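Everything on this sheet refers to the single structure shown next.
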Amino acid sequence: MRRVVVTGIGALTPIGNTFAAYTEGLINGVSGANLITKFDPTHFKTKFACELKDFDIEEHMHRKEARRIDPFSQYALVVAEEAMTDSGIDLESVDLDRFGVIWGSGIGGFKTIEEDVEQATSSEIPRYSPFLIPKLITDIAPGHISIKYGLRGLNYATVSACASASHAIINATDYIRFNRADLIMCGGSEAAVTKAGVGGFSSMKALSSRNDDPGAASRPFDADRDGFVLGEGAGGLLLEELEHAKARGAKIYAEVVGVGMSADAHHITAPHPEGLGASNVMKYALKDAGLSTSDVDYLNVHGTSTPLGDIAETKAIGKVFGEDAYDLNISSTKSMTGHLLGAAGAVEAIAGIVAINRSIVPPTINHHTKDPNIDPKLNLTLNKAQEKEVNIAMSNTFGFGGHNTTVIFKKF
């Protein structure tokens, strides 16, 4: 079976608009949450989110082009460009028929749907934009990436709520392993900080309503957590077959050594209370990688800061790792970025790769009060990054519908 490595990275997040800036935000424990600026949140229960900061799409594409592309696709193009540049790839020297794109988004063109429906229903004669469908469909993001770079290999979207980007990474890994492609741009993007996005999640009672202190609202594992903080952005990884990467002298960030997928088969939004699907998916990934639990140095958890989810995931960790759980560093970087939904799996996979390359574990910030339902012996890397040699990093991502994914990276 062929080996798969990461040779390019791009990031656009609420704590940094590039891979380098995101890295520094992670290490320094920066919170990306603040009051919403994209619309007037006065009448909403939750008035804050993790928005992108100082981001201008016109620095990346012409205004006319941007108007025809939903923000989730804009974000995808931005991080794909950074990952391409970072990889040093010469597109004229590779087989573009074997260069694919797999991209995840949980919702797709949310802003486009919201704006067009509002406009169409505000007059007696409904009028819809001719760009409505091409802007909103989730598969359009990988389509845009392939068109921009002339990538003629496999091309499609993965949609599994918050596990979407992780499924993209997993599928890309397997296609390269089994010789269906040599290179695949993969990852995910989401642009759900809209009136419908905030209103919908808020009505589910899924969002934190800590409006008096937004920066400290995302607090995974804390006894006083009251829901997740909605985020936006994207993460992209260029995956490449090892020998192909070596032949062109590519820098290699890490090797993808294990992937796993499972289902809770329990509830459309709530996790299995004992973390059954979560424990299964970690076991599958470890088996795929040929690793034991004692080999793992860092686990970037799904850790959304919801009352049920954090408990279920820590129970699953205990089941899988046993006593080895206490030698792990565990952290939830959603405490900083908020929850990027369909982009979360890619952005958090990058956090694991950062830990490997920088020998430092990003923290779980905003932790003040221990939850008696969470094992106190777990090292949750609270409030401050910890220096540590990280050879193996694991990333968990779970989605509404009971979708569970785990990806394992190894120092190369």
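The values are calculated or read from the model by the stated rules, or taken from the named source; none is laboratory data. Source: prediction; values computed, not measured. Here Cβ is always computed from backbone atoms with ideal geometry, including for glycine, and neighbour counts include all displayed protein chains. Only protein heavy atoms, including side chains, enter the accessible area calculation; ligands, DNA and RNA are left aside. Shrake-Rupley method; radii C 1.70, N 1.55, O 1.52, S 1.80 Å.
Descriptive notes on the structure:
- In the chain, the DSSP beta bridges split such that about 65 percent are antiparallel, to the nearest 5.
- Spatial offset of segment 153-172 relative to segment 381-412 amounts to 18 Å, using the alpha carbon center of each.
- In segment 334-399, Cα pairs under 8 Å separated by at least six residues give a relative contact order of 41 percent.
- Heavy atoms of the protein chains alone define the surface here; on that basis segment 147-271 has 33 Å² accessible area per residue at 1.4 Å probe size.
- Cα gyration tensor, the chain - rounded (a/c under 1.5), prolate or oblate: oblate
- The relative contact order of segment 177-306 comes to 29 percent, based on Cα pairs under 8 Å that sit 6 or more residues apart.
- The GluC sites (Glu not before Pro) of segment 101-181 that DSSP puts in a loop, and whose beta carbon has at most 13 other beta carbons within 10 Å, are GLU124.
- Derived scalar couplings ³J(HN,Hα) [segment 251-265; Karplus, 6.51 cos²θ - 1.76 cosθ + 1.60; whole Hz; x for Gly, Pro]: 6, 10, 7, 5, 10, 8, 10, x, 9, x, 9, 7, 10, 6, 6
- Here the Karplus relation 6.51 cos²θ - 1.76 cosθ + 1.60, evaluated at θ = phi - 60°, turns the backbone of segment 31-47 into coupling constants of 8, x, 8, 7, 4, 5, 10, 6, 7, 7, x, 3, 9, 9, 5, 9, 10 Hz, with x for every Gly and Pro.
- Percent accessible area from carbon and sulfur atoms, the chain, protein chains only, probe 1.4 Å: 52
- Proximity of backbone amide H atoms, modeled 1.01 Å from N, is registered between HIS302 and ASN396 at under 5 Å, excluding neighbours fewer than 5 places apart on the same chain.
- In this structure, the amide hydrogen of THR158, modeled 1.01 Å from its nitrogen in the peptide plane, lies closer than 5 angstrom to those of TRP103, GLY104, SER105, counting only residues at least 5 positions away or on a different chain.
- Close amide H pairs (under 5 Å, H built 1.01 Å from N) link LEU382 with THR364, residues at least 5 positions away or on another chain.
- Segment 1-75: C-alpha gyration tensor shape, a/c 1.5 cut-off, then a/b vs b/c: oblate
- Sites listed here are chymotrypsin sites (Phe, Trp or Tyr not before Pro) in segment 283-336 whose DSSP assignment is loop and whose Cβ has at most 11 other Cβ atoms within 10 Å, and the list is empty.
- Surface per residue (accessible, 1.4 Å probe) for segment 61-141, Å²: 51
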